[in-house]
Amino acid sequence: MLIDSHCHLNYKGLMETQAEVLARARARGVRGFLNISTRLSEWEAVVATAHREPDVWASIGIHPHEADAHADLGAEALRTAAADPRVIAIGETGLDYFYDHSARQVQQDLFRVHIGVARETGLPIVIHTRDAEDDTLRILTEEMAKGAFPALIHCFTASAGFGRAVLDLGLTISISGIVTFKNAKDLQAFVAEVPDDRLLVETDAPFLAPVPHRGKVCEPAFVSDTCAFVAALRGVTPEVLAEQTGTNFFHLFTRAQA
């Protein structure tokens with residue numbers, strides 16, 4: 001039941017040998033892949049991969065780095081793309097104040113557009129947040145007050161306080177290979193306290209290869225290494241954690257069940 005809940009199969013480093021990348025992951029027990037888009041120009045290829053591969057699903061969205069280039073993207077474009085049955089998520093979207101590649105207000109406005117479509121369609125929103133805890137939590141709290149929507153913080157690296165706050169809002173948290181890094185002690189401590197039914201694992205491939213693959217192009221196969229590491233932190237076997245997180249994936253991304 002092991003699922004890579006966040007990867008970029010159409011990014012350089014994976015797309016050139018995509019079939020082989022998927023085969024290596026399947027050989028290590030990975031049974032599903034959520035292929036994430038980050039800009040409008042990627043949507044067609046990401047969705048096409050999901051139509052070609054029965055264990056791959058697609059997301060459609062605009063990463064905060066790309067917000068300035070998509071400032072005029074309206075909800076209708078997202079709604080139309082989200083109608084495809086292989087699209088199971090909205091995003092990734094959110095706020096990134098570490099790089100500030102796009103104006104913060106534009107990031108915030110586009111984040112709210114994605115949230116609105118997630119609320120309307122019932123598809124979970126996949127959230128990227130970096131150095132933007134206060135504004136991310138403020139927007140999530142304000143938008144939840146308008147009507148609940150399913151949501152996931154992907155590649156969680158924020159503070160434990162932020163983590164507890166988003167869990168209180170009903171969000172799910174996904175853990176990447178960063179948790180295996182030596183300097184990730186705070187994250188490792190927090191991972192141990194995430195409720196069983198709110199946890200996912202991911203690679204964010206081709207980025208953030210976990211130990212023992214540091215320095216390599218990250219592949220979805222490596223989610224098994226992250227799963228084993230997180231399982232040890234939580235005092236369960238990798239098989240138990242794979243089953244728990246796989247169940248959580250299909251509970252959150254309900255369209256994937258079809």
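Going by neighbour counts of Cβ atoms within 10 Å, the residues L200, L169 line up, fewest first, as L169, L200. Close amide H partners of G91, meaning residues 5 or more places away or on another chain with modelled amide H under 5 Å apart, are I60, G61, I62, V126. Counting beta carbons within 10 Å around each of E53, E219 and listing the fewest first gives the order E53, E219. Here the range 134-179 is treated as a sphere whose radius is the Kirkwood value from Cα pairs; by Stokes-Einstein at 20 °C and 1.002 mPa s it diffuses with a coefficient of 194 µm²/s. The spacing between the range 4-45 and the range 221-245, judged by their C-alpha centroids, is 20 Å.
Give the peptides 228-235, 116-123 in descending order of average Cβ contacts within 10 Å, highest first. Provide the component values of the computation, followed by the final result.
Details: 228-235: 17.2, 116-123: 19.5.
Top of the packing list down: 116-123, 228-235.
Equivalent ellipsoid of the range 2-257: semi-axes from √(5λ) of the C-alpha gyration tensor, largest first, are 25, 22, 17 Å. Highest average first, the peptides 239-245, 177-183, 89-95, 72-78 ordered by how many other beta carbon atoms sit within 10 Å of their residues are 89-95, 239-245, 177-183, 72-78.
Take each peptide in 3-16, 185-198, count the other Cβ atoms within 10 Å of every residue, and average; sorted highest first, the result is 3-16, 185-198.
None of the figures in this text is laboratory data; all of them are computed from the coordinates on show. Keep in mind that this is a model prediction, so the values were computed, not measured. Please note: Cβ atoms are built from the backbone with ideal geometry, for glycine as well, and neighbour counts cover all protein chains shown.
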